[in-house]
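The values are calculated or read from the model by the stated rules, or taken from the named source; none is laboratory data. Treat the numbers as computed from the prediction; the structure is a model and nothing was measured. Here the Cβ is made from the backbone with ideal geometry for all residues, glycine too, and neighbour counts use every protein chain on show. Heads up: the accessible areas ignore ligands, DNA and RNA and are worked out on the full protein's heavy atoms, side chains in. Shrake-Rupley method; radii C 1.70, N 1.55, O 1.52, S 1.80 Å.
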Amino acid sequence: MSQPAPFFKTLLARPEAVLLFVLVAELVFFSAVGRNFNTADNFANIVRHSAEIGLLALVMMPIILTGGIDLSVGSLLGLCAVLFGVFTHEWHIATPLAAALTLVVGAAAGGLNGGLITGLRLPPLIVTLGTFSLFRGLAEAITKGTMTYKDFSPAFLALGHERALGLPYQGWLFIAIAVAISVLVHRTTFGRSFQAIGFSPEGARYAGLPVQRRIATTYVLAGFVAALAALVFTARLRQARADAGSGYELQAITAVVLGGTSIFGGVGTVGGTVLGVACVAVLTTGLKLIPAIALQGIGSELGSLLTGALLIFALAGGVLAKSLAARRARRQSLAKPQPQPIT
Amino acid sequence: MRALKEVSFDLHAGEVHALLGENGAGKSTLIKVITGAHQPDGGRITVGGVEVSQLTPARARALGIACIYQQPALFPDLSVAENIALRLEKTSAWQRVRWAEIARRARELLQRIGAEIDPATEVRELSMPEQQLVEIACALGAGARIVIMDEPTASLTQKEQHLLFAVVRELRAQGVGVIYISHRLEEIFALADRVTVLRDGESVGTNPVAAINEASLIRMMVGREVSAIYPPAESAPGEVVLALCGVGCAAGGVRDVSLEVRAGEIMGLAGLVGAGRTELARILFGITPADSGEIILHGRRVAVASPRIAVAAGIAYVPEDRRRHGVILEMPIAANMTMAIHPRLFPGAWLRFGAERALALDYIRELAVKTFGPEAPGGSLSGGNQQKVALARWLATQPKLLILDEPTQGVDVGAKGEIHKIIRRLAKDGLAVLMISSDLPEVLGMSDRIAVMRGGTIAAMLPGHSDAHTVMAAALGQPGKAAA
Amino acid sequence: MGKYFRELSVAAALVLLLVVLAGIAPAFFELQPLLSRLTAQTPALIVAVGMTLVIICRQIDISVGSQFGVCAVVAGLLAAAGLPLSVVLLASMAAGAAMGALNGWLVAGLGLPSIVVTLATMVTWQEALRLFQQGKFINLPAGVQWFGLAQQRGQLTLIATAVVLLTCAAWAMKNLAAGRHVYAVGTDAEAARLAGINPRGITLGVFILLGALAGLAATLNIVQSPQVDPKAGGGLELKAIAAAVVGGVAVNGGRGNLWGVFVGLLLLATINPALTYLHVEAYWEKAIQGLVILLAVVADGIRSRKGGAK
């Protein structure tokens, strides 16, 4: 149906393919150079340390797909972690109920973002910058800046430490949410509307789509999953602190943009986001296992540095590639075959 | 098709020369040629006796040609004086802004045109006509010898119009040549010295205003009989589908619209640009909801507060701006076609790609969309085929009322004929069609009845076999004189 | 009145807060603590000036805290090496300008959204700095603190510098063609281009200026203590953006006044010590800061919707 193109050309045109290649290269490199990289324990370790950011990236993706952004997810993670501690330790609510309550609070906080953005048509950037400060501030106020909640029930802590079939629990959770978001974005009318809104909010409105409601949905979803990530974080560290998840919003956005989702909206896949998360996770963990770097104890800084640099190159590269492609398309448009009616 | 064919036009200093013609007669193309935005394929332009070749916007400005548009392009956050200053001089970045001098010059220029505007006001605080006056002041300050005004009174109140007229007369007295484009005949008779009528890209004639009357002007504008071939009407109108009772919306400038559209009927909605036709369509589709009157669909009153409600009620709207509103260019044809029927085609929000593809293929065949396939992005299609995709999206909703806004604008001749046939077939199948069109032959050839809008309301309700004179006269607000 | 309503209402809120403090906690107005608190705000004020220009130009820069950190370490190392403060200052500002130029090139040259660009550079500079400095403080030679002056005179010098800078910037934004061009680009870049302004140049310029001001602020920060903290810039971007938003700068460009930002910063900076004096726990600072930002944008949002309906 579409124009024939060489196999490799179409393959390389997709950012997912590039990422997959980068991921494989990372795995090969670190297996060769890193110490104990290629072990089940290390694999589990990577999963544990990247599940929370991965979850945030998964819900950041639909938001960016609609052309929005949410800077508050990291702060919300901190607030939800602290609230979970308050629910279990000060209100003495049973853990499952406390967890459910935390998820509700997360969704409500996301609803606050969504409500301000769609109700008053405020720019998402500045609204979520405000709630970024507000949520973190509330977490600090509740804990008076220093208090941490410890001694959670063993059953709950298992979420952060146990494995099933070799994969840590939070890994299964990540897969479940990834599948759910992927279905939502690629298999339902919700995803269709996110895409339409990202390309053209006005066009979506003229098609009778519920634009404001769909946008609000993405922020509520982000709040809900941020709360989920807070539970995972608390279980992993065995404690709830006000500074939980600081800076996670940046890493989540990085993973999404690296994963090929256009910051201008409309274009992107959940699979790409998963690959983006994996690339960043393997890079940051793998570096720590290279003896020379481990010796200096600079693995995490180097990992973050490379992530930031990677994001700049991904952004600039995307734009430059696009303008090159546009130039080539202009040259080829003269020789373009004319479409024929389908009969 | 050429937009302009060998037009001769001259303008004297100290003259107001009116330019008149239907929508699409070539007025804006002529203006673009004069302001250097378009290069003519032939002919000569002389300014002040000197022949000018290769006119660019910058050269036109240097020659003293200025154009005042309906929507002024000013900086709303800056003051009037500053806007004038930014337009008139290229200051280097480190130069000081001489506020006193800027304010003085702004005051002087505004005084010259008799406008009472404080130069210190921010432009956002000004009304549209006041902004136009600022534009005129800019033009004067730039030493304009030729000022072009493109329907300057379209959005003005009576009082503001008189102010503007005084300004135009003032310009004339100062020896400026004014090209004045307007649809309002009374303005032309009140203001202009000469008038040129354009039709189908040709000049029909230039006359001193004193030598002609309104009836002859209308005759010159309409000229020929409907020449294009339109498919014949085959349907007999049935029950009333849509009834409007005194519908209005202050923000859209529409007031007190009452009309009925029947099943199987094509109601043409004629009128000049700015008469409120698209605004009426936007009210019916819930984009700018009505704030007065009743919309009755199949005997039931509907409060159309949003496009979603309109879609659910069975109203479909193929908008005028295809590329911004009609089709999402980056998305596949199939996704575009199914966008308005998500709840029905995809129960439980679950996308069914097979059903979507089948539906898209059906419409691609039925409407003869020329494309590589349902997966091709909307932006890969030609204008006419994009329009068919937009149409398919709304036909898929199985509407009771189809509103078409300029359905064949920017569409090539072949696709235009096809679209006309499709509209006819839909009416025959019992759909109520409300067709907005600025293409007079299209309105006359397609409509069972014609509603003519003027000044935000229905000015006349005419039978489908009306002649062009009658429609044009009603649109211009000269009902009695057309027959003369 | 109407024109400066927004700025005046923020000023009224500040005055109200100060009056309450005067009634309840007169200790707030004791000279030396007051002077110290004002001095501590000078770097934020200088950065807020640059940030305001960037926001008026319809952009944003959240990497300024990281830039500040890098500049502080550059300045600290040079000062520790015994170079004169003037050289230190120039080097620090040059480093900031270079980082600003990178942001500006990515935004103005490649047309990328400033939020993501500066997000990326924020992470990059911050981690590069952590990698380089490993969180270690830099000890400064004796003559650096307060420029070798007595503490109070040093503090007054800093405050005076910041206020002079603010006054000059406010004057330039009002009276220099370049300042007006920033407003024009922020209002409508395309119309500005048609009016003969170079929007890319202006955008690049405001980013470079913000970087240079971050360098200046970092230098004026290191003279306040005997050591350089490489993490000192953390959260500075938020503080500057908050001051601008509260001070009435429109986040979608074209509108804003540096004096409003000044008042906004003073209001935000007064809240925290005020809490202490009013016996409210200081941990609420961030939450209240967020709430103030939200209140400001909501108020602007409601105002502009009302204005739009007119």
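Heavy-atom accessible area buried between chains C and A is around 3600 Å² (1.4 Å probe, both sides summed). In region B:298-348, the portion of solvent-accessible area held by carbon and sulfur atoms comes to 53 percent [1.4 Å probe, whole percent, DNA, RNA and ligands not counted]. Summary value for region A:31-130: 26 percent relative contact order, contacts being C-alpha pairs under 8 angstrom separated by 6+ residues.
Between A:VAL179 and B:ASP256, the distance separating the two model label sites (each 7 Å from Cα on the Cα→Cβ line) works out to 6.5 nm.
Here the Gaussian network model covers chain A, with springs between Cα atoms less than 10 Å apart; of A:LEU302, A:LEU159, A:LEU71, A:LEU302 fluctuates the most. Out of the DSSP beta bridges found with both residues in region B:240-483, what percent are antiparallel (nearest 5)? In region B:240-483, DSSP labels about 55 percent of beta bridges as antiparallel.
What you get for region B:240-483, charging only the Cβ of Lys and Arg (+1) and of Asp and Glu (-1), is a dipole of about 360 debye around the Cα centre. What is the interface area between chains A and B, defined as buried accessible area summed over both chains with a 1.4 Å probe, reported in Å² to the nearest 100? Using a 1.4 Å probe on protein heavy atoms, the buried area is about 3000 Å².
Among the trypsin sites (Lys or Arg not before Pro) within region B:52-131, which fall in a DSSP loop and have no more than 11 other Cβ atoms within 10 Å of their own Cβ?
Of the trypsin sites (Lys or Arg not before Pro), the ones in loops of region B:52-131 whose Cβ has at most 11 other Cβ atoms within 10 Å are B:LYS90.
Using a 1.4 Å probe over the heavy atoms of the protein chains, calculate the carbon and sulfur portion of the accessible area of region A:39-292 as a whole percent.
Here carbon and sulfur together make up 67 percent of the probe-accessible area.
A 1.4 Å probe run over the protein chains yields, for region C:41-309, 36 Å² of accessible area per residue, whole-number rounding. Per residue, the convex hull around the alpha carbon atoms of chain A comes to 172 Å³.
In chain B, Rg over Rh equals 1.00, where Rg is the alpha-carbon radius of gyration and Rh the Kirkwood radius from pairwise Cα distances.
For chain C, a Gaussian network of Cα nodes joined below 10 Å ranks C:GLN289, C:GLN151, C:GLN67 by mean-square fluctuation, and the top entry is C:GLN151. Rounded to the nearest 20 debye, the dipole size of chain A about its Cα centre is 1140 debye, using +1 on the Cβ of Lys and Arg and -1 on the Cβ of Asp and Glu.
Sorting A:HIS92, B:HIS17 on solvent-accessible area from highest to lowest, probe radius 1.4 Å, gives A:HIS92, B:HIS17. Across chain B, C-alpha contacts under 8 Å between residues 6 or more apart give a mean separation that, scaled by the residue count, equals a relative contact order of 16 percent.
Of the residues C:ALA162, C:ALA191, C:TRP259, the one whose Cα sits farthest toward the positive end of the charge dipole of region C:41-309, with +1 on the Cβ of Lys and Arg and -1 on the Cβ of Asp and Glu, is C:ALA191.
The lysine pair count for chain B, using Cα distances under 16 Å and pairs eight or more places apart or on different chains, is 7.
Structural descriptor for region B:240-483: relative contact order 27 percent, calculated from alpha carbon pairs under 8 angstrom and at least 6 residues apart.
Counting heavy atoms of the protein chains alone, B:SER28 has an accessible area of about 70 Å² for a 1.4 Å probe. For region C:162-248, the spread of Cα coordinates along the three principal axes comes to 52, 25, 24 Å, biggest extent given first.
Among the chymotrypsin sites (Phe, Trp or Tyr not before Pro) within region A:49-138, those in coil by DSSP and having at most 13 neighbouring Cβ atoms inside 10 Å are A:TRP91. Direction-averaged projected area, Cα convex hull, chain C: 16.9 nm², rounded to one decimal.
Three principal axis extents describe the C-alpha atoms of the protein assembly as shown; from largest down they are 97, 71, 59 Å. Beta-bridge orientation, chain B: approximately 45 percent antiparallel, per DSSP, counting only bridges with both partners inside.
In chain C the longest region clear of GluC sites (Glu not before Pro) that are loop-assigned by DSSP and have at most 12 other C-beta atoms within 10 Å covers C:31-280. Solvent-accessible area of B:TRP350, all protein chains in place: 140 Å² (probe radius 1.4 Å, heavy atoms, ligands and nucleic acids excluded). Loop only per DSSP, at most 15 neighbouring Cβ atoms within 10 Å: give me the trypsin sites (Lys or Arg not before Pro) in region C:55-162, ordered by residue number. Sparse-neighbourhood loop trypsin sites (Lys or Arg not before Pro): C:LYS136. Give me log10 I(q)/I(0) at q = 0.17, 0.18 Å⁻¹ for region C:46-195, Debye formula, one equal scatterer per alpha-carbon, no solvent. With no solvent term, the Cα-only Debye profile gives -1.12, -1.19. Here the calculated FRET efficiency for B:ARG344 and B:ALA368, from their Cβ-Cβ distance with R0 = 30 Å, stands at 0.75, rounded to the nearest 0.05. Between C:PRO226, C:PRO43, C:PRO84, the GNM of chain C built on Cα springs shorter than 10 angstrom shows C:PRO84 fluctuating the most. In terms of Cα atoms, the Rg and Dmax of region B:1-61 work out to 11.9, 35 Å.
Helix B:413-428: angle to the longest alpha-carbon principal axis of chain B, degrees 0 to 90, nearest 10? That works out to roughly 50 degrees.
If you add up the charges near B:PRO289, with Lys and Arg at +1 and Asp and Glu at -1, over every other residue whose beta carbon is less than 15 angstrom from its beta carbon, what do you get? Spelling it out: positives minus negatives among the neighbours equals +2.
Estimated from helical segments only, the mean residue ellipticity of the protein assembly as shown at 222 nm is -18500 deg cm²/dmol, where each DSSP H run of four or more residues counts as -39500 (n - 2.57).
For region C:41-309, the fraction of 1.4 Å probe accessible surface lying on carbon and sulfur atoms is 65 percent. Pairwise alpha-carbon distances in region B:16-222 exceed 25 Å for 40% of all pairs.
Accessible area per residue for region B:76-168 is 46 Å², calculated with a 1.4 Å probe on protein heavy atoms, without ligands, DNA or RNA. Compared with the dominant Cα axis of chain B, that is its longest principal axis, helix B:383-395 is turned about 50°.
Counted over all Cα-Cα pairs of region A:78-125, pairs farther apart than 13 Å make up 59 percent. Given region B:240-483 reduced to its alpha-carbon atoms as identical point scatterers, what log10 I(q)/I(0) does the Debye formula return at q = 0.07, 0.09 Å⁻¹? Result of the Debye calculation: -0.22, -0.37. Projecting the Cα atoms of B:VAL302, B:ASN336, B:VAL254 onto the charge dipole of region B:246-342 (Cβ charges, centred on the Cα centre) puts B:ASN336 farthest toward the positive pole.
Computed with a 1.4 Å probe over protein heavy atoms only, the accessible area of B:THR288 comes to about 40 Å². Per residue, region B:240-483 exposes an accessible area of 35 Å² to a 1.4 Å probe, with every protein chain left in place.
Shielding by partners for peptide B:374-381, expressed as the average number of C-beta atoms from other protein chains within 10 Å of each residue's C-beta, is 2. Here's the picture: charge each Lys and Arg Cβ at +1 and each Asp and Glu Cβ at -1 in the protein assembly as shown, and of B:ALA355, A:LEU237, A:GLY223 the one pushed furthest to the positive end of that dipole is A:LEU237. Remark: mean inter-chain Cβ contacts per residue of B:349-360 equal 2, using a 10 Å Cβ-Cβ cutoff to other protein chain atoms.
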